1. Got at least one residue in the stretch 142-150 being surrounded by 22 or more Cβ atoms within 10 Å (Cβ to Cβ) and touching a residue at least 24 places away in the same chain (Cβ under 8 Å)?
2. Restricting to the stretch 22-38, count the residues that are more than 15 Å from the ligand (Cβ to nearest atom) and open to solvent by less than 30 Å² (accessible area, probe 1.4 Å).
3. Between Val106, Val112, which is at pLDDT 95 or above and either touching a strand residue (DSSP E or B) at 6+ places or on another chain (Cβ under 8 Å) or open to solvent by 10 Å² or more (accessible area, probe 1.4 Å) (or both)?
4. Of the residues Ala63, Ala41, which is among the small types (Gly, Ala, Ser), within 26 Å of Ser138 (Cα to Cα) and within 11 Å of the ligand (Cβ to nearest atom)?
5. List, please: which pairs have Cβ atoms under 8 Å, are six or more places apart or on different chains, and start with a residue in the stretch 94-117 that is in contact (Cβ under 8 Å) with a residue 12 or more places away in the chain and end with one that is near the ligand (Cβ under 10 Å from one of its atoms) and open to solvent by 50 Å² or more (accessible area, probe 1.4 Å)?
6. So which pairs qualify, if the first residue must be in the stretch 68-84 and away from the ligand (no atom under 14 Å from the Cβ), the second must be in a loop (DSSP other than H, G, I, E, B) and open to solvent by less than 60 Å² (accessible area, probe 1.4 Å), the Cβ gap must be under 6 Å, and the two must be at least 6 apart or on different chains?
7. Could you check Lys166 against (1) closer than 22 Å to Val125 by Cα; (2) touching a helix residue (DSSP H, G or I) at 6+ places or on another chain (Cβ under 7 Å) and say which number it fails?
8. Step by step: first the residues of the stretch 1-21, then only those that are aliphatic (A, V, I, L, M) and within 8 Å of the ligand (Cβ to nearest atom), then the one that is least open to solvent (accessible area, probe 1.4 Å). Which residue is that?
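The values are calculated or read from the model by the stated rules, or taken from the named source; none is laboratory data. Bear in mind that the values here come from a model prediction, so they are computed numbers and not experimental data. Don't worry about glycine lacking a Cβ; one is built from the backbone with ideal geometry, like all the others, and counts go over all protein chains shown. Quick note on the areas: whole protein, heavy atoms, side chains included, nothing else; ligands and nucleic acids left out. Shrake-Rupley method; radii C 1.70, N 1.55, O 1.52, S 1.80 Å.
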Amino acid sequence: MESVLVTGANRGLGLEMVRQYGEDGNWRVYACCRRPGEAEALRRFAATFCDRVSVHRLDVADAGQIRALAAEMSGQSIDILINNAGTYGPSGERFGEADPEVWLHVLRVNTVGPALMAFSFAGSVGRSSRRVMATVSSRMGSLSDNTSGGRYAYRSSKAAANMVMKSLAVDLAERGIVCVALNPGWVRTDMGGPQAPLGPEQSVRGMRSVLAALRPKDSGRWFNHDGAEIPW
Ligand code: NDP
């Protein structure tokens, strides 16, 4: 049985990842969230797929919690690590509006979190057979796609997260770990809102296909949920 670790697994895309990998039947799922006690939908999945899904407390903005969970799981192998947890920060943020403290928090969650996860879990991923690390980025982090400006905190955090994945791809190549950024599309979640064209089911199905097909040559690249490569 292969294994996958998902951060931000209590709602939105992360919860759908747990549902799909759990239903698949061939995956051991480590589902991480900030407040397991309040994660009712996730705990229902864990009860349904009892021997295959476990819930773990993890705030990705807390380096101590990341190190502690990695130490607790140091005996496990993790085939796919998915940095899914993310925060948008202030919506509609325009020129001159950025709050530095909020911006730094967004960077801590969206950019520093995935890097610290990779540093702490490289051993567990490295001893698996698939050896994949993925971060759910956003097209809003694309330099070439930015024609509408604004959203300073979120855009910069996702552009920097892409660079984190690129450096990880270089640094972890000799361990055979494939590191990629993903784009889920615009999806109907709390973050994406009700007007988004894609449902979580379709987006996650696409990202799972991309992850399943990854080869060493794909490391350091950025893929859309439909498999198309995205320019930085
Ligand atoms: P949601 O807002 O629905 O869910 C965000 C998830 O991240 C929640 O589980 C939330 O947990 C978790 N999270 C936030 N901060 C932390 C933290 N410090 N530690 C651990 N978990 C945290 O968003 P989506 O499901 O839509 O987004 C998932 C990913 O996809 C994000 O990285 C997002 O940037 C990206 N994305 C989404 C798009 C969309 O259209 N939906 C488009 C492009 C990218 P909690 O409940 O505790 O807050």
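1. Kept after step one, since they are surrounded by 22 or more Cβ atoms within 10 Å (Cβ to Cβ), are these residues of the stretch 142-150: none.
No, there is no match, as no residue in the stretch 142-150 is surrounded by 22 or more Cβ atoms within 10 Å (Cβ to Cβ) and touching a residue at least 24 places away in the same chain (Cβ under 8 Å).
2. Residues of the stretch 22-38 more than 15 Å from the ligand (Cβ to nearest atom): 22-28.
From what is left, the residues that are open to solvent by less than 30 Å² (accessible area, probe 1.4 Å) are 22, 25, 27.
Qualifying residue count for the region: 3.
3. Details: Val106 fails: either touching a strand residue (DSSP E or B) at 6+ places or on another chain (Cβ under 8 Å) or open to solvent by 10 Å² or more (accessible area, probe 1.4 Å) (or both).
Result: Val112 is the single residue among Val106, Val112 that is at pLDDT 95 or above and either touching a strand residue (DSSP E or B) at 6+ places or on another chain (Cβ under 8 Å) or open to solvent by 10 Å² or more (accessible area, probe 1.4 Å) (or both).
4. Details: Ala63 fails: within 11 Å of the ligand (Cβ to nearest atom).
That would be Ala41, the only listed residue that is among the small types (Gly, Ala, Ser), within 26 Å of Ser138 (Cα to Cα) and within 11 Å of the ligand (Cβ to nearest atom).
5. Val106/Tyr88
6. Partner pairs satisfying both residue conditions: Ser77/Ser128; Ile78/Ser128; Asp79/Ser128.
7. Every condition holds for Lys166 apart from (2).
8. Among those that are aliphatic (A, V, I, L, M) and within 8 Å of the ligand (Cβ to nearest atom), it is Ala9.
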